[in-house]
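One structure below.
Laboratory data are not the source of any read-out in this text; all were calculated from the coordinates shown. Keep in mind it's a predicted model, so treat the numbers as computed, not measured. Note that we place each Cβ from the backbone using ideal geometry, even for glycine, and neighbour counts take in every protein chain shown.
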Amino acid sequence: MRRYLPYCLGLLIASLLIGGPLAFGLYYKANYRLFRVVREGVLYRSGQLSSPALRRAVHEYGFRTIISLRDGSHPGEPPPDSAEENYCAAHGIRFLRIPSGKDYWEWNNGTAPAIEGVKQFRAIMDEPRNYPVLVHCWGGIHRSGAYCAVYRMEYQGWTNDEAIEELRRLGYKNLDDEWDILGFLQHFRPRRTWPE
């Protein structure tokens, strides 16, 4: 039995060295859902965080504002992240819900419903007292990615192509098939060019 002890110990150590990081990676992916820094101290993006991950992220990053791009699947249905909204209300964190329904991104006669959501988003981002801000949707790729692309163009002077390329790089693999969002971002102009 003693001669197998070094092998068992070696196997245990190897399991911990491999299994520990793997387990942490799976935990992080399940709870933090593509959490990313857009601009340090200003804007962060993610998918829907679990409740423990939200509490930890609020503690670590000090979010003052959370923007949810989620709403109920059917009219009158409560939003799927109402627990997050309640948490924010209880902890003095500003919470803004920007719903994005059918045809939200589609341009029609020079306008798109998304422009109203972008105006709300800009109102938050125009005020440094709202920072840091977390914007999220369900998966952390599509809607939150589109709003972060708007941020890049509006506040950081990125071109439409640069912002769209970042979306692709960060996982929006089917962007070219979603012509409504792609079209919105290709035709988006920072507000200095918008008639108010």
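Under a 5 Å amide H cut-off, with hydrogens placed 1.01 Å from N, F95 pairs with I66 among residues at least 5 apart or on other chains.
Taking other residues whose beta carbon is less than 14 angstrom from the beta carbon of P78, and scoring Lys, Arg as +1 and Asp, Glu as -1, yields -3.
A Förster radius of 41 Å combined with the Cβ-Cβ distance from E77 to R129 puts the calculated FRET efficiency at roughly 0.80.
Test of the criteria: in the stretch 37-142, which trypsin sites (Lys or Arg not before Pro) are in a DSSP loop and have at most 14 other Cβ atoms within 10 angstrom of their Cβ? It would help to have the intermediate numbers written out before the result.
Details: sites: R39, R45, R55, R56, R64, R70, R94, R97, K102, K119, R122, R129; in loops: R64, R70, K102.
Within the stretch 37-142, the qualifying trypsin sites (Lys or Arg not before Pro) (loop, at most 14 other Cβ atoms within 10 Å) are K102.
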